[in-house]
Amino acid sequence: MYHFRPAYIEPCGSGLARESGGSASIDVGCADAFAGKPAPTVSTVWRFFVLGMLLLLSACASQAPLPAGNPTLPLPLQLHIQRQLADQRQDWLLVIQREGPGIRWSMMDPLGIPQARQQLIDGHWQADGLLPPNPEARELFAALLFALTPSGELSRNYPTAQQQGEHRSLPARWDIRYAQPLSFQLNLPQGPHYRVSPLGEPTP
């Protein structure tokens, strides 16, 4: 009968120590082994720093713009949101209401299951509840805030906005085409597209 013994893996430098009969060779062997791995240089650390800053700036640039001040909104509002992307359609209910110092945005599906909740306080979005982050919903809320801003307050709150008749846009971001003040189509450059109308009224 054969008996198998597990292989013994010698630590770094142990073979050298055994051959030389001393412990000094262990230090030399390990030092040689680690010497083959170059330590990070200042230029490498600087590259990582610059890359991190670029990623941070990119994330900031991708955030949806918000108004310079608080536009006058006819709150509370209950809106029917119809989302269209390719051949897929989704329907949501959005409730917008004042709550304390901010505005609360609560979106749910037709069964009443929450999809997104945010509060806009002092020009910043804050999570409301335990729902996971929903970047698309936050972009939608910001776009709706732009669409619902009264015409007389548009240039003050969005200096780069353009409006002509029933068409309003924030170049390279949002395009709004109104049927009524609260009934409109919202288009994003790469989609999705939304139709918005007051709850209980037919979608335009």
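The values are calculated or read from the model by the stated rules, or taken from the named source; none is laboratory data. Predicted, not measured: the structure shown is a model, and the values here were computed from it. Backbone-built Cβ (ideal geometry, glycine too); neighbour counts: all protein chains shown.
What residue, among those in segment 133-150 that are in a loop (DSSP other than H, G, I, E, B) and at pLDDT 95 or above, is surrounded by the most Cβ atoms within 10 Å (Cβ to Cβ)? Checked segment 133-150; the qualifying residue surrounded by the most Cβ atoms within 10 Å (Cβ to Cβ) is Thr149. Within segment 151-173, the only residue that satisfies the criterion of being assigned to a strand (DSSP E or B) and in contact (Cβ under 8 Å) with a residue 40 or more places away in the chain is Leu170.
Scoring Leu130 on the criteria (1) assigned to a loop (DSSP other than H, G, I, E, B); (2) in contact (Cβ under 8 Å) with a residue 60 or more places away in the chain; (3) among the aliphatic types (A, V, I, L, M) leaves a single failure, condition (2).
Here is a check on your reading of the model: is Ile103 crowded, with 19+ Cβ neighbours inside 10 Å and over 17 Å from Leu186 (Cα atoms)? For Ile103, the condition - crowded, with 19+ Cβ neighbours inside 10 Å and over 17 Å from Leu186 (Cα atoms) - is met.
The residue that is nearest to Pro65 (Cα to Cα), among those in segment 182-199 that are in contact (Cβ under 8 Å) with a residue 24 or more places away in the chain and part of a loop (DSSP other than H, G, I, E, B), is Leu188. Within segment 172-187, the set of residues being at pLDDT below 95 and over 19 Å from Ile96 (Cβ atoms) comprises Ala172 only. Considering segment 132-159, the residues that are of a type in the set (Ser, Thr, Tyr) and more than 11 Å from Thr72 (Cα to Cα) include one that is farthest from the chain's Cα centre (by Cα), namely Ser155.
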